[in-house]
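Here's the structure, in structure tokens; my notes come after.
The values are calculated or read from the model by the stated rules, or taken from the named source; none is laboratory data. Computed from a prediction, not measured in an experiment: that's the story for all the values here. Cβ atoms come from the backbone with ideal geometry, glycine included; neighbour counts cover every protein chain shown.
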Amino acid sequence: MKVAIVHEWLASYAGSERVVEQLLLLYPEADLFAVVDFLPDCERAFLRGKRPATTFIQHLPKARTHFRHYLPLMPLAIEQLDLSTYDLVISSNHAVAKGVITGPNQLHVSYVHSPMRYAWDFQHQYLRESGMTGGALSAIVRLMLHYLRNWDARSALGVDRFVANSAFIARRIEKTYRRESEVIHPPVNVRKFELGGAREDFYLSASRMVAYKRVPLVVEAFARMPDKRLVVIGDGPDFERVKAIATPNVTVLGYQADAEMVSYMQRAKALVFAAEEDFGIAPVEAQACGTPVIAYGRGGSLETVNVRGDAPTGVFFPEQAVPAIIAAVAEFESRAGEFTPQNCRVWAEGFSEENFRARFGAAVDGYLGLTPRTGGKGHLRLAAV
């Protein structure tokens, strides 16, 4: 069986690339395709020596640094990849990868990190944050997004089976494409983390400092709790704002290397996570260290943090607001004895790389009519498509 793996673009080793890494372990003979490939040599190891076939966008002016500016051309580019000789095509999609053209004798399985957010339900937020709510440029961008929506909906018809990275994304797939999908959580390298020792008297915020992560909101909440310490790790556009509003009980460290990040996760009382994520790896990583999570109770956190049963791993706050975070910290402290490092670790192991490979391999075998692989454990039963 010939297998093709199609990824959006290769520019860094991040969350979606970790999925590609596991797909290449699962299908080591697969050929790899991408819109562009500008991975630095120091980050290429996960490709196991493979060089992807790319599209014409790879060779356009300034593509190395500004390939995202060619988004309007990407639907055309992805359709030019010739996959006609492959039996199984797996697309890793958050923009255009699922738009590859396949025939009736080929199986196309699309693992969706998210439908194209900025073209669908996040369009108005994207335009506001980009300062394009009016004027000629706004009209041009709105027309482009209209075109992308039409193409995105049409290209969904060429996918035989959708796999979503969370139940939250499965609902977005159903809303956007009117298609059912199977939920298989993305892989987390839980082996990289170990249970910490004694907990220290501080809470942790660790994420990129971009608007939707709501790091300033967490800092504002702790500014009103001067008796509680917060350590903030991360960098990004909101970094200067976070530094400006930090009070003496808030330590802003900026970017930290992996080893330092893990050390803080192992020692923190809890991770405070205010983002509405499609999935969200940071809470799983914290729990792999035995650290409970105080999270905004929407999006992927509803699946990555366990608040039910007799082995909870965290608490939720119901809205992205300072009083809600303060109340959640108070609830966490009143129930501190319920959140054990062992329970957090066991929960996190359900999201391991091994489980991802076992689940995804079994799902694809089922679509192909083969005997499913066995093994793997986790929290969501694979539902029929």
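Quick notes on this structure:
- Looking across the range 152-189, the residues that are of a type in the set (Asp, Glu) and not in a helix (DSSP H, G or I) come down to 160, 180, 182.
- If the condition is being surrounded by fewer than 24 Cβ atoms within 10 Å (Cβ to Cβ) and either outside any helix (DSSP H, G or I) or not aliphatic (A, V, I, L, M) (or both), then the range 295-314 contributes 297, 298, 299, 303, 306, 307, 308, 309, 310, 311, 312.
- Residue tally, condition under 11 Å from residue 292 (Cβ atoms) and crowded, with 18+ Cβ neighbours inside 10 Å, over the range 329-344: 5
- Lone unmet requirement of (1) in contact (Cβ under 8 Å) with a residue 60 or more places away in the chain; (2) of a type in the set (A, V, I, L, M, F, W, C); (3) part of a loop (DSSP other than H, G, I, E, B); (4) over 30 Å from residue 369 (Cβ atoms) for residue 81: (4)
- If the condition is being at pLDDT below 90 and of a type in the set (Lys, Arg), then the range 130-164 contributes only 142.
- Of the residues in the range 38-53, not one is of a type outside the set (A, V, I, L, M, F, W, C), surrounded by 18 or more Cβ atoms within 10 Å (Cβ to Cβ) and in contact with a helix residue (DSSP H, G or I) (Cβ under 9 Å, 6 or more places away or on another chain).
- The range 325-375, subset assigned to a loop (DSSP other than H, G, I, E, B) and β-branched (Val, Ile, Thr), residue farthest from the chain's Cα centre (by Cα): 371
- Residue within the range 220-232 that is surrounded by fewer than 16 Cβ atoms within 10 Å (Cβ to Cβ), without any contact (Cβ under 8 Å) to a residue 12 or more places away in the chain and outside the structural domain of residue 94 (by TED's automatic domain parsing) present: no
- Among the residues of the range 276-298, those identified as under 12 Å from the mean Cα position of the chain (by Cα) and either among the hydrophobic types (A, V, I, L, M, F, W, C) or modelled with pLDDT of 95 or more (or both) are 279, 281, 282, 283, 284.
- Residues (in contact (Cβ under 8 Å) with a residue 24 or more places away in the chain, small (Gly, Ala, Ser) and over 21 Å from residue 190 (Cβ atoms)) located in the range 306-335: 321, 328
- Within the range 247-294, considering residues that are touching a Cys at 6+ places or on another chain (Cβ under 6 Å) and outside any loop (DSSP other than H, G, I, E, B), the one surrounded by the most Cβ atoms within 10 Å (Cβ to Cβ): 287
- You will find that of 111, 126, the residue that is within 24 Å of residue 17 (Cβ to Cβ), under 19 Å from the mean Cα position of the chain (by Cα) and without any contact (Cβ under 8 Å) to a residue 24 or more places away in the chain is 126 and no other.
- If you filter the range 86-101 down to residues that are under 14 Å from residue 36 (Cα atoms) and part of a loop (DSSP other than H, G, I, E, B), you find that the one that is modelled with the highest pLDDT is 96.
- Residue in the range 193-213 that is buried (at least 18 other Cβ atoms within 10 Å of the Cβ), out of contact with any Pro (no Cβ under 9 Å at 6 or more places or on another chain) and within 29 Å of residue 89 (Cβ to Cβ) present: no
- Filter pass, residue 52 being modelled with pLDDT of 95 or more and within 25 Å of residue 163 (Cα to Cα): yes
- Among (1) in a loop (DSSP other than H, G, I, E, B); (2) touching a Pro at 6+ places or on another chain (Cβ under 6 Å) - the single one residue 242 does not satisfy: (1)
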